[in-house]
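Asker: Here's a structure for you.
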Amino acid sequence: MSDRRTPKGSWLIVALLFLFMLINFVDKAVVGLAAVPIMQELDLTPRQFGLLGSSFFLLFSLSAVVTGFIVNRVQTRWVLAVMSLVWALTQFPMVGTAGFTTFLACRIALGAGEGPAYPVALHATYKWFPNELRTLPTAIVAQGAGVGLMVALPMLNWVIINYSWHRAFAVLGVVGLVWTGAWLLLGREGSVFGSASSTATGMPDRISYARLLCSPTVLSSWCAFFGAYWGLSLAIAWQAAFLIKGLGFAQGSIGLLSALPSGVSVGLLIAAGWYSQHLLARGVSSWMARGVFGGGCVALGGIAMLIMPHMPTIPLKIAMTTIGISLPSVIYVFSHAVVSEVTPVAQRGALLAIGNAVGTSAGLLAPYIMGSVIETAATPLDGFNTGYVICGIIMLIGGIIGMALMHPEREATRWTPEIPEQAAIRSA
């Protein structure tokens, strides 16, 4: 029987990492929120602004992979502190007069600093919770994104309207420095490195990366993640512009509307995390409780995006984009939980980082493609409609793949025969 208790201080770490992810996503989203005034001040075309949005992801995936291998050997406490410091420092150049080149360079640097954020935060969290208790804390950490956008976007929009978009970046820089100080004071390294479930299945100490990277469970979880992140990266870069240029809203009225998908995802992620953990406790397979559940949400989000252009009223269009962005977000909980379930602890940081790199690579493509489509469309709304249909197709395909192949229990039987091989290698 597993010990279901968690170490003292585990939920304090979850709270700090929740705030870490809150800052992470607000840093991403501020450019999209200020899209129209930025484009006007810097005289940018839609394609140029799309390039600015995509540039954030230029080093995002590479940084995530490199850092993933680093955290297999270096304490996550120090890695998280360095990342948050980088985030804060890259905000301040935008406080003064910033040209397109400066803006581009700062977004690339910020992307390099933020690329490893989610997998490293989860790796740090998993050191405090065994596998069977990870779904809920994972959902809370992931929910930092939703709460951050829901709470901070209206506040930042107020700063943009009453002062300038430059001041919004200053606020984010200061907040980043405050979190760094709090983490250095309160953050600690966890000591939970295994779980009853991994011991019971005979998980080997190490598995070749070639086998891990060819695992149907791992690959399918990344496909679903990629589909969901395509929609999220469009929301980060283009949702505010969609509301203003596509649907005719004023800058002063989009703060809450821009945060609406995040607000919906707050309840969805917590509820999905709790319900999945409830299903696992009742003996339901991880394939159903995580794979089918998560992949199905991504597929349904894709359907919402596909039908959005055909909605006859503005409220219905907003409702469909809200569902299309928020519902797939549950995969951010399940994908990493599934990968950690089938990956040895010694390699978990690297695999989580590689998965995050693959999934978030959608952000390198989606904003630029949307900008290109808008620039060549007859009207901005036509361009947004086409871009969201492309998003819906990608979500639907990724979700179906996830539902079909995200099967951790089946994976465990594939790893078991490797145990004698590992023993022979160690004795040689």
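Asker: Determine whether Gln277 is out of contact with any His (no Cβ under 8 Å at 6 or more places or on another chain), closer than 25 Å to Arg211 by Cβ and at pLDDT below 85.
Answerer: Answer is no for this residue.
Asker: In addition: With Ala366, Ala404, Ala362 as the choices, which residue is within 28 Å of Leu136 (Cβ to Cβ), buried (at least 20 other Cβ atoms within 10 Å of the Cβ) and modelled with pLDDT of 90 or more?
Answerer: Sole residue among the options that is within 28 Å of Leu136 (Cβ to Cβ), buried (at least 20 other Cβ atoms within 10 Å of the Cβ) and modelled with pLDDT of 90 or more: Ala362.
Asker: Here's another thing I want to ask about it. Helices (runs of 4 or more DSSP H) wholly in segment 221-338 with at least 3 residues that are closer than 16 Å to Ile390 by Cα - which ones?
Answerer: 293-307, 314-326
Asker: What do you reckon, is Ala210 in a helix (DSSP H, G or I) and open to solvent by 40 Å² or more (accessible area, probe 1.4 Å)?
Answerer: yes
Asker: Given the conditions (1) hydrophobic (A, V, I, L, M, F, W, C); (2) modelled with pLDDT of 90 or more; (3) in contact with an Asp or Glu (Cβ under 9 Å, 6 or more places away or on another chain), and given that Phe60 satisfies all but one, which numbered condition is not satisfied?
Answerer: With respect to (1) hydrophobic (A, V, I, L, M, F, W, C); (2) modelled with pLDDT of 90 or more; (3) in contact with an Asp or Glu (Cβ under 9 Å, 6 or more places away or on another chain), Phe60 is out only on (2).
Asker: Right, something else. (1) in contact with a helix residue (DSSP H, G or I) (Cβ under 6 Å, 6 or more places away or on another chain); (2) modelled with pLDDT under 90; (3) of a type in the set (A, V, I, L, M, F, W, C); (4) over 25 Å from Val79 (Cα atoms): which one isn't true of Met155, the others all being true?
Answerer: (1)
The values are calculated or read from the model by the stated rules, or taken from the named source; none is laboratory data. Not measured: the values here are computed from a predicted model. Note that each Cβ is placed from the backbone with ideal geometry, even for glycine, and that neighbours are counted across all protein chains shown. Note: areas computed on protein heavy atoms with side chains; ligands, DNA, RNA excluded. Shrake-Rupley method; radii C 1.70, N 1.55, O 1.52, S 1.80 Å.
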